[in-house]
Amino acid sequence: MSRRVSDVMTRGSRALPLDATLYDAARIMRDEGIGDVLVTLDGRLCGLVTDRDIVVRGVAERRDARHTPLGEVCSADLVTIGPDDDLDTAARLMREQAVRRLPVVDDEQRPLGIVSLGDLARAGGVDPGVLSGISQAPPNL
């Protein structure tokens, strides 16, 4: 039987509303030792902001972290996955989309967690060549 995303995903991923600031996201990342925060609108996933987004789209663009809303810097064109999808589907999506993490959402697009490349590697059962190909893909901006 194939393992499901819900078996390996990180649950309880942090989320902030679209109008929260870069400063809010950066503090959560620092305090919790994480590199990404889900962005929501009315409880539904609408974006993802990473520590890299804060640096490249925020700091390097001289944006004021205390006043810049996440909506101005987060990635909004997300590829998501459901908790009942199998790990091979997650690996395929990561490879095809050149992403290292996938938000896990329910049928109404409410965030449930995140499955990362590291989660797949630790789970085993996914072709290591596929994982290597994902990790070598250039990051998307």
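The values are calculated or read from the model by the stated rules, or taken from the named source; none is laboratory data. Bear in mind that the values here come from a model prediction, so they are computed numbers and not experimental data. Note that we place each Cβ from the backbone using ideal geometry, even for glycine, and neighbour counts take in every protein chain shown.
Key figures
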| item | result |
| --- | --- |
| Leading residue by the ranking (farthest from Val115 (Cα to Cα)) among those in region 49-90 that are part of a loop (DSSP other than H, G, I, E, B) and of a type in the set (S, T, N, Q) | Thr68 |
| Extreme residue, nearest to Gly118 (Cα to Cα), among residues of region 36-48 that are free of Cβ contacts under 8 Å to residues at least 40 places away in the same chain and either surrounded by fewer than 16 Cβ atoms within 10 Å (Cβ to Cβ) or aliphatic (A, V, I, L, M) (or both) | Val37 |
| Counted residues, region 94-108 - those being part of a loop (DSSP other than H, G, I, E, B), in contact (Cβ under 8 Å) with a residue 40 or more places away in the chain and buried (at least 16 other Cβ atoms within 10 Å of the Cβ) | 1 |
| Some residue of region 63-76 being in contact (Cβ under 8 Å) with a residue 60 or more places away in the chain, farther than 14 Å from Asp19 by Cβ and of a type in the set (S, T, N, Q) | yes |
| Pair list, Cβ under 6 Å, 6 or more apart: region 22-35 residue aromatic (Phe, Trp, Tyr), other residue at pLDDT 95 or above | Tyr23/Ala65; Tyr23/Arg66 |
| Residue within region 3-14 that is among the hydrophobic types (A, V, I, L, M, F, W, C) and surrounded by fewer than 19 Cβ atoms within 10 Å (Cβ to Cβ) present | no |
| Every residue from region 69-106 that is touching a Leu at 6+ places or on another chain (Cβ under 8 Å) and not aliphatic (A, V, I, L, M) | Pro69, Gly71, Cys74, Ser75, Thr80, Pro83, Arg100, Arg101, Pro103, Asp106 |
| Total residues in region 10-52, condition at pLDDT 95 or above, farther than 17 Å from Ser75 by Cα and touching a strand residue (DSSP E or B) at 6+ places or on another chain (Cβ under 7 Å) | 1 |
